[in-house]
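One structure is given below, encoded as structure tokens.
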Amino acid sequence: MTNDAKPVVIVVDDDPSILRALQRLISGAGFDVRVFDRPSELLKDDLPKTHACLVVDVHLPEMSGVELCETLGASGCRLPVVLITADAGEGPELLR
């Protein structure tokens, strides 16, 4: 990473308003933000290997956020992930 390259935050959420809000918030904090509304679009992209992290919605079309993370991990992706959800009922049982 060059001195002027920003760390990357990759956001995956199928809600356009959430994508816009997170993009504005995270880019305002000085990060380069890439947004995707479908897991298949993210999986086609060339992801950075370092200096990046993912913010992934739990409920996505095509596959769940957990399944997306499992798919990425199986392909060798070792980026940190933050799972998010708008469902107040979600909890630790989600990861079981």
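The values are calculated or read from the model by the stated rules, or taken from the named source; none is laboratory data. The structure presented is a predicted model; accordingly, all values stated were derived computationally and were not measured. Note: areas computed on protein heavy atoms with side chains; ligands, DNA, RNA excluded. Shrake-Rupley method; radii C 1.70, N 1.55, O 1.52, S 1.80 Å.
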- Query: What is the helix-to-structure angle for 16-28, meaning the angle in degrees between its Cα long axis and the longest Cα principal axis of the chain, kept from 0 to 90 and rounded to the nearest 10?
  - Reply: 40 degrees
- Task: Run the accessible area of the chain with a 1.4 Å probe and give the carbon-and-sulfur part as a rounded percent.
- Result: 54 percent
- Query: Out of residues 5 or more away from Val56 or on other chains, whose amide H comes under 5 Å of its own, with H placed 1.01 Å from N in the peptide plane?
  - Reply: Val12, Val82, Leu83, Ile84
- Any idea how far the Cα center of region 40-59 sits from the one of region 7-32, in Å? 12 Å
- How big is the convex hull of the Cα atoms of the chain, per residue, in Å³? 104 Å³
- Query: Helix-derived [θ] at 222 nm for the chain: sum -39500 (n - 2.57) over DSSP H runs of at least 4, divide by residue count, nearest 500?
  - Reply: -9000 deg cm²/dmol
- Message: Using a probe radius of 1.4 Å on heavy atoms only, what accessible surface per residue do you get for the chain? Whole Å² is fine.
- Response: 62 Å²
- Query: For helix 65-74, what angle does its Cα long axis make with the longest principal axis of the chain, in degrees from 0 to 90 and rounded to 10?
  - Reply: 60 degrees
